[in-house]
Amino acid sequence: MEKLSKLLEINHSELARLVRFYLRGLQGGLQVALTELPDDSGANLAKEVLGELEGILRSPISKPIENVSPSLEDIFEPVPSNYSSKLSGIKQNFETDKELRFYLGDFQLLSNNDADLWQEMQLKLLRVPETLAESWREKLPDFSNKRSPIQLPFTRDENIYPGLQFYTKTKLDARVAVETSDSDVYFLATVASTYIKFIEAIDPDLHHAFKPVNRFGVKSLATKDEKSKYIAALIDCFQRAKTAAKNIDPADNLRARIDLDEAINSLVYQPPVDRNSWWGKLQQESRRTLREAAESARKAGHTVQIRELWDVYADIRAYSKDDLELDSGGRSGEVLACLRVYAKIDDEVLPGRVLYRSFFQP
């Protein structure tokens, strides 16, 4: 462990930075596992491992390699040391804020240094309504002197907080590369690329509820195995949609796009994000691309119905199948996430799928 700590302290080391991301993922996975298996025979030893990880991760963060174009891993840069006392004072208020806890559930900020604490707060603010997120960003230190804004996919240039903006064009992951940049398939490729980066290197709190990978519940993406399975399924859906976009029959294209839409909207948190958050809006933008696919199928002579499933679960349950009940987030009986839209293509019915809040809240 001593050599691992020394590795993390090396300045200008890309390897040290990546190792820190992987250790964060391991830390998150162990925390989830201990919550689910508190009586396991290895629980006590796992707690000791967590303690060792916390000690290792207190090592100073190595600086990013200079003269390299910013990538998604560079979204959150180290906070200047003179912000230390200010962030420490904000931490308790952040953790106990009733509005934040309504949208985020019970949580505790786990970071032990300013840079990680700032990153952790910003990741959580991506999940809450935009107005609430903005009010909190105004309380955090000003990072307007950060380097050029990072690129994330969205339909227009829009500030999220100093140093981070959305763009319609972003560097694609090689696994979901497309040639034409003026199509909705390209936009979906930017969404998939962003997902892959967040899962692999940025946020250990991500979960998924993608039925082809796991139909029985919401699974944490903190473990390497679960990450690999979900990412592989997402890439497979994207490649099938990419191929189907060239298909002569627009109905086949629409079916493939509905499957990809489900893969994208099945990336969730516990509890699921608010629809007016950054994550919620990104997923809504990707879902809007279904409209063009549906319209193309109609013009080809197909009868098409597409319906998003929201609001009161009792009102939409006839249109869905294999839904999942959650005991956190939202209000009793409310749909928390529409994982898959309801669709009818000619005489073929394709049920939707949702996450909904339990009717019986403690």
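Can you name the number of the only condition in (1) open to solvent by 10 Å² or more (accessible area, probe 1.4 Å); (2) closer than 20 Å to I345 by Cα that Y313 fails? Of the numbered conditions (1) open to solvent by 10 Å² or more (accessible area, probe 1.4 Å); (2) closer than 20 Å to I345 by Cα, the odd one out for Y313 is (2).
The number of residues in the range 190-213 being closer than 14 Å to Q270 by Cα and not hydrophobic (A, V, I, L, M, F, W, C) comes to 5. Against the list (1) over 17 Å from F216 (Cα atoms); (2) open to solvent by less than 30 Å² (accessible area, probe 1.4 Å); (3) free of Cβ contacts under 8 Å to residues at least 60 places away in the same chain, the condition I345 fails is (3). Is it the case that some residue within the range 318-330 is touching a helix residue (DSSP H, G or I) at 6+ places or on another chain (Cβ under 9 Å) and free of Cβ contacts under 8 Å to residues at least 12 places away in the same chain? So far as the range 318-330 goes, no, none of its residues is touching a helix residue (DSSP H, G or I) at 6+ places or on another chain (Cβ under 9 Å) and free of Cβ contacts under 8 Å to residues at least 12 places away in the same chain.
Residues that are of a type in the set (D, E, K, R), farther than 27 Å from D327 by Cα and not in a helix (DSSP H, G or I) within the range 214-246 comprise just one, K246. Residues of the range 108-117 include none that is out of contact with any Leu (no Cβ under 6 Å at 6 or more places or on another chain), part of a loop (DSSP other than H, G, I, E, B), among the hydroxyl-bearing types (S, T, Y) and modelled with pLDDT under 85.
The set of residues from the range 285-302 being surrounded by 15 or more Cβ atoms within 10 Å (Cβ to Cβ) and assigned to a loop (DSSP other than H, G, I, E, B) comprises just one member, H302. May I ask you to list the residues in the range 168-216 that are polar (S, T, N, Q), under 24 Å from V354 (Cβ atoms) and open to solvent by less than 10 Å² (accessible area, probe 1.4 Å)? T194 - this is the single residue of the range 168-216 that is polar (S, T, N, Q), under 24 Å from V354 (Cβ atoms) and open to solvent by less than 10 Å² (accessible area, probe 1.4 Å). Looking only at residues of the range 316-332 that are part of a loop (DSSP other than H, G, I, E, B) and either in contact with a Cys (Cβ under 8 Å, 6 or more places away or on another chain) or modelled with pLDDT of 95 or more (or both), we find that the one that is most open to solvent (accessible area, probe 1.4 Å) is K321. Of all the criteria given as (1) open to solvent by 50 Å² or more (accessible area, probe 1.4 Å); (2) assigned to a helix (DSSP H, G or I); (3) in contact (Cβ under 8 Å) with a residue 24 or more places away in the chain, the one not satisfied by Q305 is (2).
Taken as a whole, the range 149-157 holds at least one residue that is more than 15 Å from the chain's Cα centre (by Cα), over 26 Å from E292 (Cα atoms) and modelled with pLDDT under 95. Of all the listed residues (S41, S88, S62, S69), the sole one being open to solvent by less than 50 Å² (accessible area, probe 1.4 Å), of a type in the set (G, A, S) and either part of a loop (DSSP other than H, G, I, E, B) or at pLDDT 70 or above (or both) is S62. Against the conditions (1) of a type in the set (F, W, Y); (2) touching a residue at least 24 places away in the same chain (Cβ under 8 Å); (3) not in a helix (DSSP H, G or I), F94 satisfies every one except (3). Selection within the range 118-139: residues that are under 28 Å from G55 (Cα atoms) and at pLDDT below 85. The member of this set that is least open to solvent (accessible area, probe 1.4 Å) is W118. Scan the range 348-362 for residues that are open to solvent by less than 60 Å² (accessible area, probe 1.4 Å), of a type in the set (A, V, I, L, M) and either at pLDDT below 95 or over 21 Å from Y269 (Cα atoms) (or both) and the total you get is 1.
Just for the range 254-284: of the residues that are in contact with a His (Cβ under 9 Å, 6 or more places away or on another chain) and over 20 Å from Y342 (Cα atoms), which one is least open to solvent (accessible area, probe 1.4 Å)? Restricting to residues being in contact with a His (Cβ under 9 Å, 6 or more places away or on another chain) and over 20 Å from Y342 (Cα atoms), the top hit is Y269.
Of all residues in the range 197-223, those satisfying the criterion of being of a type in the set (K, R) and out of contact with any helix residue (DSSP H, G or I) (no Cβ under 7 Å at 6 or more places or on another chain) are K211, R215.
The values are calculated or read from the model by the stated rules, or taken from the named source; none is laboratory data. Quick caveat, the model's predicted, so the values are computed rather than measured. Here Cβ is always computed from backbone atoms with ideal geometry, including for glycine, and neighbour counts include all displayed protein chains. These area figures cover heavy atoms from the full protein model, side chains too; ligands, DNA and RNA do not enter into them. Shrake-Rupley method; radii C 1.70, N 1.55, O 1.52, S 1.80 Å.
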